[in-house]
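Asks: My questions will all concern the structure given below.
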């Protein structure tokens, strides 16, 4: 009887040991799987972060290269040999450091200054070639531009489809809407038509996009339209711009002043 009892205890002991070994192995497997999955997640996260950082750095370099390419293309376009205006322009690109769209007279602070060749009374346009504003102050490394979103604006523009000239003004409130004045009612103008710079200013080259016709109403006390123009550029999202300076501006301004004196103005 004692022999059977001993054998039973031995068998039970062996079974329990085997069960303990199996459970330990299973636990180690689960632990190993957990550790493997955790390490995989961490490794993938590190690689993903590294990949994103690398892409970001590459994207920044590519963006700078693209800006320089656009700068060169814009320079060639403005100074093309086939131009009949006999005008030439300097082009500088800059990063927007500060911008406002909700004040009475909004300003834009730019990262380029006299060191880069920026001059007063230069045009500022977006990367897409849309009108943004005009340089009013230049320091050695920076410059300040008066946004077209200001009460001092009276931008000479034209209705592209009819070539009719008028003036664009900002009346506040909506930073995407300006008003086109002095367009007579006999002009065929439709919603969606394009408004561009007239070229009458020595600052802005002719044909730069300003916006599209948003709505048209006839003025109550004049034979002209009151036209809302939706700006082509959302000025609240500016990042980089081009600064354009007419090399002949001083000569043209001086000649115009002399001519006015001749006629007694």
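Asks: Identify the single condition in (1) under 30 Å from residue 93 (Cβ atoms); (2) touching a residue at least 12 places away in the same chain (Cβ under 8 Å); (3) surrounded by fewer than 16 Cβ atoms within 10 Å (Cβ to Cβ) that residue 254 does not satisfy, given that it satisfies every other one.
Replies: The one condition residue 254 does not meet is (2).
Asks: Which residues, taken from the range 76-115, are at pLDDT below 55 and either touching a strand residue (DSSP E or B) at 6+ places or on another chain (Cβ under 7 Å) or under 15 Å from residue 136 (Cβ atoms) (or both)?
Replies: Once the filter is applied, which keeps residues that are at pLDDT below 55 and either touching a strand residue (DSSP E or B) at 6+ places or on another chain (Cβ under 7 Å) or under 15 Å from residue 136 (Cβ atoms) (or both), the range 76-115 yields only 79.
Asks: Right, next: What tally of residues in the range 183-200 results from selecting those that are under 27 Å from residue 246 (Cα atoms) and surrounded by fewer than 18 Cβ atoms within 10 Å (Cβ to Cβ)? Don't jump to the end; show me each part of the working.
Replies: At the first step, the residues of the range 183-200 found to be under 27 Å from residue 246 (Cα atoms) are 194-200.
Narrowing the set further to residues that are surrounded by fewer than 18 Cβ atoms within 10 Å (Cβ to Cβ) leaves 194, 199-200.
Selection size over the range 183-200: 3.
Asks: Against the definition (free of Cβ contacts under 8 Å to residues at least 24 places away in the same chain, out of contact with any helix residue (DSSP H, G or I) (no Cβ under 6 Å at 6 or more places or on another chain) and surrounded by fewer than 16 Cβ atoms within 10 Å (Cβ to Cβ)), how does residue 261 come out, yes or no? First the steps, then the outcome.
Replies: Working: free of Cβ contacts under 8 Å to residues at least 24 places away in the same chain: yes; out of contact with any helix residue (DSSP H, G or I) (no Cβ under 6 Å at 6 or more places or on another chain): yes; surrounded by fewer than 16 Cβ atoms within 10 Å (Cβ to Cβ): yes.
The answer is yes for residue 261.
Asks: For the list (1) touching a helix residue (DSSP H, G or I) at 6+ places or on another chain (Cβ under 6 Å); (2) assigned to a strand (DSSP E or B), I need the number of the one condition that residue 140 fails.
Replies: Status for residue 140: all satisfied but (2).
The values are calculated or read from the model by the stated rules, or taken from the named source; none is laboratory data. Computed from a predicted model, the values in this text were never measured in an experiment. Positions of Cβ are generated from backbone atoms using ideal geometry, with glycine treated the same way; all protein chains shown enter the neighbour counts.
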